[in-house]
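Taking it in order: structure first as structure tokens, then the write-up.
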Amino acid sequence: MTPSLDSHIRVKPIYPVYRLDDRRFRIGAQAGVTVDFTDPYGQLWTLVEALDGARPLGEVAAAVGRAHPGIGVEDVLTAVRDLDGRGFLEEARPTPYEDGRYEGNVNYFSHYAGLSAAREQPQDRLRSAHCVLLGLGGGGSYILPMLLAAGFGRITAVDYDRVELGNLNRQSLYRESDIGAYKTAVAARLAKEVNPDVEFTAVQRRIESAADVAPLVRGAEVAICAIDEPPFVAQRRVNAACVKEGVPYVCGGSFVTRGRLFSVRPRETGCMDCLHLYYTRADPSYLSQLAGALRVEHGRVTIAFAPHIALVASLITGEAIRLVTGHAEPIALGRQLDVHFETGELEVMSQWPRDPDGCPVCGDGADAASFAVWAEAENDSPMLR
């Protein structure tokens, strides 16, 4: 982008600028962002120092030309375009978020912005967005405070359960004094205390079908599935409703030594039923394994370690924000991403395409044999309607 000579441009304040010696200087102090510049005549250093946003670019170019005769406006514009291409420049103008609640967010988003995109755009998108959080248990209790801090304009949180003593080892939303209270009531109180800017709605409801989910997510910019009862089936209900309503969603949870998340953009990426078909066609034994998992009487064994749940919850929240703002590419669209708690590594467990011919939810077909196990588990139609 060629900037206007009337524009006020500055090096992003989030990046330090400092000399290494009399021939070299550096912008940034983080691996992957930092760039060293060799500048034996000091021409670029003079420009960078002048790019503080205090005066129009035309005046900056004139000042650089006076300090270094022979350097013209086009030379300055070329250097500015190069610095912008490296992600170091932004327009120096006030935003509605300066010196306020979301200032830190906007400063973070400025890393992804430049002269062609205002640094406050992602925050603007969050402030006008509606996020539906399904579940206020282990994952949801960490996700909600992060959503409130991010500044979504509207949040709807859904749960049916009461706070129990056994929740307190990892559900940081609650206190011992909350035992016996509905989780939605505690969440509503916290939301008002933490961020009254957010329009918060608590829905006291148990999700028993896709029809329960559809009206909750209708019109939302993103949904988060943090419910896991009944296993497998709950997530499939959310998938069916979100696909029907055209709402992107993120789903995730924690196991013993791993956490997992994936995200879906309806009719653009593979949905959860597309994933089911993908596994069915790749592994002849998958259906029998799934049927066994759906029938097993495993009981209510709680396996939950707070630091691990918080790690997965932060990845889920970050993915939801990426889906809404577009400030960076989502990391789990159409793929299952595992975090290994013991090593801290991320691994793509599977990546699957959309199956418009076979998928009964986001496509036009259904393999009756493949979906019979769901019908049995759901005691309903394979379409979860």
Of all residues making up region 28-43, the number that are surrounded by 12 or more Cβ atoms within 10 Å (Cβ to Cβ), over 28 Å from the mean Cα position of the chain (by Cα) and not polar (S, T, N, Q): 3
Unmet requirement for residue 53, which otherwise passes all of (1) surrounded by 15 or more Cβ atoms within 10 Å (Cβ to Cβ); (2) closer than 30 Å to residue 310 by Cβ: (2)
Residues being more than 15 Å from residue 226 (Cβ to Cβ) and outside any helix (DSSP H, G or I) - total across region 129-151: 3
Helices (runs of 4 or more DSSP H) contained entirely in region 264-370, each with at least 3 residues that are crowded, with 20+ Cβ neighbours inside 10 Å, of a type in the set (D, E, K, R) and modelled with pLDDT under 90: none
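Out of everything in region 1-10 that is in a loop (DSSP other than H, G, I, E, B) and among the hydrophobic types (A, V, I, L, M, F, W, C), what residue ends up being farthest from residue 92 (Cα to Cα)?
1
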Pick from region 86-96, criterion farther than 14 Å from residue 4 by Cβ and open to solvent by 70 Å² or more (accessible area, probe 1.4 Å), ranking: modelled with the highest pLDDT: 86
Unmet criterion (only one of (1) more than 33 Å from the chain's Cα centre (by Cα); (2) open to solvent by 40 Å² or more (accessible area, probe 1.4 Å)) for residue 63: (2)
Cβ-Cβ under 6 Å pairs, at least 6 apart or on other chains, region 267-294 side among the small types (Gly, Ala, Ser), far side in a helix (DSSP H, G or I): 291/373
Top-ranked residue of region 119-158 - restricted to ones that are touching a Gly at 6+ places or on another chain (Cβ under 6 Å) and open to solvent by 10 Å² or more (accessible area, probe 1.4 Å), ranked as nearest to residue 108 (Cα to Cα): 127
Sole exception among (1) over 30 Å from residue 127 (Cα atoms); (2) surrounded by 13 or more Cβ atoms within 10 Å (Cβ to Cβ) for residue 69, by number: (2)
Members of region 99-115 that are acidic (Asp, Glu) and either assigned to a helix (DSSP H, G or I) or within 23 Å of the chain's Cα centre (by Cα) (or both): 103
Residue match in region 90-112 (condition: in contact with a helix residue (DSSP H, G or I) (Cβ under 9 Å, 6 or more places away or on another chain) and under 17 Å from residue 201 (Cα atoms)): no
Pairs where the first residue, in region 40-62, is farther than 10 Å from residue 10 by Cβ and the second is assigned to a helix (DSSP H, G or I) and open to solvent by 40 Å² or more (accessible area, probe 1.4 Å), C-beta under 7 Å, 6+ apart: 46/67; 61/73
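The values are calculated or read from the model by the stated rules, or taken from the named source; none is laboratory data. This is a predicted model, so every value here is computed, not measured. Heads up, the Cβs are rebuilt from the backbone with ideal geometry, glycines too, and the neighbour counts pull from every protein chain shown. Accessible surface areas use protein heavy atoms only, side chains included; no ligands, DNA or RNA. Shrake-Rupley method; radii C 1.70, N 1.55, O 1.52, S 1.80 Å.
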